[in-house]
Amino acid sequence: MQHNGHSPYTPIPMHVLRAYYESTDRSLKTLELSFDRAADCQAFFETFNPGQFCLLSVAGKGESALGIANAAWEGDFVRFTIQKMGSVTTALHALKAGDAIGIRGPLGNGFPLEDWKGKNLVIIGGGCAFSTLYALTKHVHHQDYRDDYGKLTLLYGTRTSGLCMYKHDIAAWHEDEDMEIHQAIDVPEDNWLHHVGYVPDVVRQVAPSPANTVAVVCGPPIMTKFTLPALVELGFSPENIFTSLEKRMKCGIGKCGRCNLGPKYICKDGPVFSLAELNALPADL
Amino acid sequence: MPDIDTIKTEAKRLLQEGVVEVVVAFKAGDTPLHPQPAFFSSPDEIDQLVFSGLCQNNLATFLTRLPKEKKVAMVVRGCENRSVNALIIEKQKSRDNLYLIGVPCEGIIDWRKIVEHVGETVLAVEENTHLVTVETPNGRFALERAILLHDSCSRCAHPNPMSADIRIGEARPEGDPSLARTTVEEFEALSSQERYAWFQKEAERCIRCYACREACPMCFCEECFVDHIEPRWTESGATPAGMQGWHIVRAFHQTGRCTSCGACERACPMDIKMTYLTEKLNHDMKKKYNFEAGLDVQTQPPFATVTLDDKNRFVVS
Amino acid sequence: MNLILEKQALPELLQSWRESFDVFLPQKLERFSHFMPLQDDTAVLVNEPHNTRIPPKALFLPMTETLVKFTRVGGYKDAENEVQPRVVFAIRPCDAQAVQLLDTSFLEEDYSDPLWREKREKTVTVGLGCHEPCLTGFCTTVGGGPFNKAGLDVLLTDIGGSYLVEVLTDKGTWLFTTLQPADDSAIETAHKIQQEAFDRMEVAFKTEHLKEKLEQNFDSAYWDSVSQSCLGCGVCTFLCPTCFCFDIVDETQRRERVRNWDSCMFRTYSLEASGHNPRPSRVERTRQRLSHKFVYWIDQVNQIGCTGCGRCVRYCPVGLDIRAMLRQAQTLPFEVSHAA
């Protein structure tokens with residue numbers, strides 16, 4: 001994270017460019033933020049990597065760790081999709097275009113894209129954890145980077161169709177021949193054309209091949225817990241299965257101690273870990 | 001001094017006969033000054049049971065940490081029995097699931113007073129009703145028990161467990177209630193500036209470790225007010241406002257519930273005096289409502305009760 | 001460099017430092033000692049038998065510290081970070097080694113903590129070794145010792161009527177320019193005292209394979225056993241010189257974002273907004289605390305994250321003794337790791 005001579009605890013000043021609901025039940029809201037200072041914008045994108053997160057700051061309420069949901073090529077802004085859950089996320093939901101906000105980031109390791117070059121990617125997302133996978137997909141799917149990777153398979157499950165995020169892009173990807181996309185909802189709905197079922201089961205149905213393939217899973221803990229073994233069953237090795245973890249965070253820079261998983265800090269050594277790395281860490285989630 | 005063997009025999013019997021599933025008492029610590037609370041679930045573990053004036057915790061604090069339905073036996077002194085009663089009234093435990101092994105109390109020894117007299121390095125401690133003998137590298141010291149008692153014990157009015165299932169040891173004479181009253185009246189006699197200065201001086205040592213809260217049997221809230229976020233009730237850190245807010249509000253939350261055991265002060269690593277707050281509030285409860293916490297399991301605490309003829313109309317209408 | 005300092009010259013020397021430094025030293029507070037600034041009339045007591053109640057980590061990581069200030073227009077600015085140069089006098093080797101351990105976290109390159117760094121750079125540590133080591137301390141068990149030099153700029157050894165002053169770094173040199181070099185007999189006496197103190201300390205628990213035993217028994221009933229009477233307060237962590245966890249909180253009325261000491265032993269430490277708590281009871285939290293000190297610190301910097309100061313042993317309200325817990329851990333089964 002670049003902080004341009006400022007303290008790493010001081011948020012970068014931003015403003016809300018756009019704010020809109022992603023889900024029909026208004027539990028998920030997307031904020032797109034612009035930088036007040038050009039130098040901050042430049043520094044941000046110099047180190048930004050899909051899979052990283054930021055700590056969004058509302059003065060007086062606190063900070064909340066949120067995955068970055070855009071690819072660098074999309075423009076000089078940063079996108080986050082926020083689930084309304086506690087005091088900070090409620091305050092974030094109340095923001096509208098023009099409001100001031102702060103971020104600290106980009107933080108964390110992000111996806112190891114260099115290692116994934118030349119491989120097929122199976123991207124598996126559940127619920128609102130899909131946001132960093134969306135950033136990843138937007139990045140690898142872009143014509144400048146597409147040739148670095150092999151086949152792209154996307155699997156995205158939500159409880160209901162209304163909770164699906166980024167509906168516009170998802171709809172476009174259904175029509176895109178270059179992307180194999182599988183969408184799922186938990187229970188049947190009228191006019192639903194895609195899978196019905198929990199993500200681990202849909203993964204088994206789709207049965208992506210593990211040959212020269214990396215799988216990355218981001219979802220609620222219960223989904224991840226059952227999806228990782230499903231991939232192992234399908235023949236994926238633990239070194240080629242990745243996930244992004246979450247824990248209560250405060251400093252985001254590996255100082256305050258609380259987000260540790262054994263000797264690793266989720267904010268600094270993660271949030272992206274391979275299953276091989278996870279198997280060596282205590283089950284402290 | 002109570003006969004340890006009698007306590008052990010009773011504890012063993014309770015486990016052997018399946019009257020209880022666990023006996024909560026004390027065992028020897030790894031250092032001479034610090035016996036530890038212990039949870040014995042089989043008769044042969046009872047050999048480890050100890051009981052002495054150095055057993056400084058109010059064991060009733062563990063009642064709310066065990067499953068409610070669990071059949072528990074507990075060694076209780078006067079204040080512990082009263083805390084147990086207070087918890088029963090607040091429906092934190094049923095008397096049916098409790099077996100109280102009552103031990104009349106000769107007062108808890110404040111281990112830090114021993115250290116003040118003989119230094120930090122203590123090799124062994126022996127005590128009886130009148131004398132505490134301390135072995136140190138610099139020799140053996142015999143100290144009067146009376147000067148080593150924790151302050152709350154020096155002014156204790158009810159050293160006898162009043163609702164135990166069995167009492168082990170001779171009942172002790174009731175204490176003089178004027179001792180606690182005098183302490184309160186001395187404080188009340190200070191000017192408001194002097195009282196605030198005293199309060200400030202004590203509170204500013206606080207490090208917000210919450211040892212007082214955890215040692216207190218009546219602090220069993222799953223979410224303490226200091227952990228509440230929306231709204232935040234007091235500053236969270238070791239700032240003057242935060243520390244004062246913590247001490248004052250905790251004392252008020254104890255009104256009509258505190259049994260003057262002093263476990264809070266004994267737990268505090270910074271030697272903070274805090275019983276002066278609760279003693280004052282207890283004193284007020286006695287004066288205004290003729291109520292003392294924990295004397296029985298019938299009398300409802302005035303601040304936890306609503307009746308249809310309540311003087312405060314807003315409560316009922 | 002070895003110098004000699006007569007004990008009766010000490011008070012004047014300390015006062016002379018006040019021209020350029022704030023001087024912190026242990027002073028009487030209630031029934032214990034506490035690092036406080038030297039004033040004109042402070043009685044200099046260095047005969048306290050052991051370390052202060054609160055460790056001197058508080059001088060580098062205050063119990064509460066402002067990180068960020070909020071401006072009226074919803075913006076942010078760095079908190080002030082003005083630090084007066086200071087000497088921390090009579091810091092014990094266990095506490096100095098702990099500060100050095102904490103450096104590995106706070107001064108770590110990627111996100112060096114500016115508040116910690118400023119205080120560290122402006123501090124000279126003058127240590128006082130323990131010629132009569134305390135019964136509850138176990139520094140030698142965890143790789144330290146009563147005259148260990150880690151984290152110190154200067155080390156004092158009490159040799160009777162005077163101190164041997166061993167100047168270890170440049171920072172310490174110009175505090176003692178008025179002193180005479182120590183003669184060989186003083187140096188020899190000091191070394192003898194240091195060695196005797198070290199030898200006198202007993203091994204509190206074996207450390208061989210302790211890490212493997214703790215990390216390979218994650219689900220063992222051992223953790224229930226050692227945490228049974230734990231109250232879940234923060235005494236052990238707050239009094240611990242190597243504990244550094246902090247909470248970040250917005251104090252709206254003061255318009256500040258502050259950090260406060262926090263404890264992994266508190267329920268809310270890892271409580272998530274969804275209500276899920278990875279460490280729901282004292283069992284998991286005790287496991288985290290012991291594992292952090294005796295497993296994860298070793299993974300991270302190849303050192304045990306405990307310097308054996310003994311405070312947790314002395315002040316735990318229920319008398320829990322970490323040394324006994326680790327002796328018990330030594331009875332756990334384990335497999336020697338074959339990985340390189």
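Only the coordinates and a few stated rules stand behind these numbers; no lab work does. Small disclaimer: the values here were computed from a predicted structure and weren't measured. Here the Cβ positions follow ideal geometry from the backbone for every residue, glycine too, while neighbour counts run over all protein chains shown.
Excluding residues fewer than 8 places away in the same chain, name every one of the lysines whose C-alpha is closer than 28 Å to that of residue B:68.
B:8, B:12, B:27, B:91, B:93
If you build a Gaussian network model of chain C, linking Cα atoms that sit under 10 Å apart, which residue out of C:179, C:25, C:156 swings the most?
Fluctuation is largest for C:179.
For a 31 Å ceiling on Cα separation, which of these pairs sit above it: A:247/C:211; A:138/A:268; A:84/C:211; A:119/A:264? Spell out each step's value before the answer.
Numbers: A:247/C:211 25 Å; A:138/A:268 24 Å; A:84/C:211 41 Å; A:119/A:264 27 Å.
In this structure, A:84/C:211 exceed 31 Å between Cα atoms.
For the residue pair residue A:191 and residue C:188, what label-to-label distance in nm results when each label sits 7 Å from Cα along the Cα-to-beta-carbon direction?
9.9 nm
Work out the length of the dipole vector of the protein assembly as shown about its Cα centre, built from +1 on the beta-carbon of each Lys and Arg and -1 on the beta-carbon of each Asp and Glu, and round it to the nearest 20 debye.
Numbers: 99 positive and 123 negative charges, 383 e Å.
Dipole about the Cα centre, nearest 20: 1840 debye.
For peptide B:202-210, how many partner chain Cβ atoms fall within 10 Å of a residue's Cβ, on average?
Details: counts 1, 0, 0, 6, 1, 10, 8, 13, 9.
Per residue, the number of nearby Cβ atoms from other chains is 5 on average.
Would you work out which of B:268, B:52, B:97 lies farthest towards the positive end of the dipole of chain B? Charges go on Cβ: Lys and Arg +1, Asp and Glu -1.
It is B:97.
Looking at chain A only, what percent of DSSP beta bridges run antiparallel? Nearest 5 please. Write out the running numbers ahead of the final one.
On the way: 33 of 57 bridges.
About 60 percent, rounded to the nearest 5.
Sum up the charges of everything whose Cβ sits under 15 Å from the Cβ of residue A:230, counting Lys and Arg as +1 and Asp and Glu as -1, but leave residue A:230 out.
Details: positive: A:204, A:225; negative: A:201, A:233.
Around residue A:230, the charge tally is 0.
Pick from A:13, A:238, A:263: which is most flexible by mean-square fluctuation in a GNM of chain A where alpha carbon atoms under 10 Å apart are linked?
A:263
Considering every pair of different Cα atoms, what Kirkwood radius, in Å, is found for region B:2-91?
Numbers: mean 1/r = 0.0743 Å⁻¹.
Hydrodynamic radius (Kirkwood, Cα pairs) of region B:2-91 is 13.5 Å.
If I model a spin label as a point 7 Å beyond the Cα along the Cα-Cβ vector, how far apart are those points for residue B:271 and residue A:168 in nm?
6.8 nm
Under the definition of partner shielding as Cβ atoms of other protein chains within 10 Å of a residue Cβ, what is the mean value for peptide C:293-305?
Across C:293-305, the average partner-chain Cβ count within 10 Å equals 2.
Modelled label-to-label distance, residue C:276 and residue B:298, 7 Å Cα→beta-carbon offset: nm?
Computed distance between label sites residue C:276 and residue B:298 equals 5.1 nm.
Cβ under 14 Å from residue A:192's Cβ, residue A:192 left aside: what net charge do those residues give with Lys, Arg +1 and Asp, Glu -1? Please list the in-between numbers first.
Numbers: positive: A:159, A:167; negative: A:186, A:189, A:190.
Here the charged neighbours net out to -1.
Mind checking which lysines have their C-alpha under 22 Å from residue B:273, skipping anything on the same chain fewer than 8 residues away?
Filter leaves B:113, B:201, B:286, C:28.
Which log10 I(q)/I(0) values does region B:166-317 give at q = 0.08, 0.11, 0.15 Å⁻¹ under the Debye formula, counting every alpha carbon as one identical point scatterer?
For region B:166-317 at q = 0.08, 0.11, 0.15 Å⁻¹, log10 I(q)/I(0) is -0.28, -0.53, -0.95.
I'd like the distance separating the alpha-carbon centroids of region A:241-285 and region C:157-173, in whole Å.
If we compute the Cα centre of each part, the gap is 44 Å.
Rank A:133, A:31, A:90 by how far each Cα sits towards the positive end of the charge dipole of chain A (+1 on Lys, Arg Cβ; -1 on Asp, Glu Cβ) and give me just the farthest.
A:90
About the Cα centre of region A:113-244, what is the dipole size in debye to 20, counting +1 per Lys and Arg Cβ and -1 per Asp and Glu Cβ, all else neutral? Can you show the working numbers first?
Values: 9 positive and 17 negative charges, 72 e Å.
Dipole magnitude for region A:113-244 comes out near 340 debye.
So what is the relative contact order of region A:12-107, in percent, for Cα pairs below 8 Å that sit 6 or more residues apart?
Working: 192 pairs, mean separation 37.2, N = 96.
RCO, region A:12-107: 39 percent.
Once the convex hull of the alpha carbons of the protein assembly as shown is built, what does its volume come to per residue, in cubic angstrom? Spell out each step's value before the answer.
Working: hull volume 198.2 nm³, N = 942.
So the per-residue hull volume is 210 Å³.
Average partner chain C-beta neighbours within 10 Å, per residue of B:26-33? Spell out each step's value before the answer.
Numbers: counts 3, 2, 1, 7, 11, 10, 1, 3.
Counting other chains' Cβ atoms within 10 Å and averaging over B:26-33 gives 5.
Note the full-extension length gain between residue C:77 and residue C:206 as 0.36 nm times their separation in residues minus their Cα-Cα distance, in nm to one decimal. Each step should come with its number before you reach the end.
Working: separation 129, 0.36 × 129 = 46.44 nm, distance 4.89 nm.
Stretched out fully, the residue C:77 to residue C:206 stretch lengthens by 41.5 nm.
Which aspartates and glutamates, if any, have their Cα less than 17 Å from the Cα of residue B:287, not counting same-chain residues under 8 positions apart?
Excluding near neighbours in sequence, the set is B:176, B:185, B:186, B:188, B:279.
Starting from the coordinates of the alpha-carbon atoms of region C:2-200, obtain the Kirkwood hydrodynamic radius over all distinct pairs and give the value in Å to one decimal.
18.0 Å
Mind checking which helices in chain C clear 15 Å along their axis (Cα) and have mean Kyte-Doolittle hydropathy of 0.0 or more, DSSP H runs only?
Values: long enough: C:93-106 (19 Å, 0.26); C:184-200 (24 Å, -0.99).
Membrane-span-like by this criterion, though nothing is claimed about a membrane: C:93-106.
Which Cα, out of A:15, A:162, A:116, lies furthest along the positive dipole direction of chain A (beta carbon charges, K/R +1, D/E -1)?
A:15
Among A:41, A:267, A:259, whose mean-square fluctuation peaks in a Gaussian network model of chain A (Cα, cutoff 10 Å)?
Among A:41, A:267, A:259, the largest mean-square fluctuation in the Gaussian network model of chain A belongs to A:41.
Please give the charge dipole size of region C:118-243, origin at the Cα centre, charges +1 on K and R Cβ atoms and -1 on D and E Cβ atoms. Round to the nearest 20 debye.
On the way: 10 positive and 18 negative charges, 63 e Å.
So the magnitude is around 300 debye.
Could you estimate the translational diffusion coefficient of region A:113-244 from the Stokes-Einstein equation, with Rh from the Kirkwood formula over C-alpha pairs, at 4 °C and 1.567 mPa s, in whole µm²/s?
Working: Rh = 14.7 Å.
Translational diffusion coefficient: 88 µm²/s.
Tell me the mean residue ellipticity at 222 nm calculated for chain C from its helices only (DSSP H runs of n ≥ 4, each -39500 (n - 2.57), averaged over every residue, nearest 500). Don't jump to the answer; show the numbers that get you there.
Details: 12 runs with 96 residues, N = 340.
After summing the helix terms and dividing by residue count, I get -7500 deg cm²/dmol.
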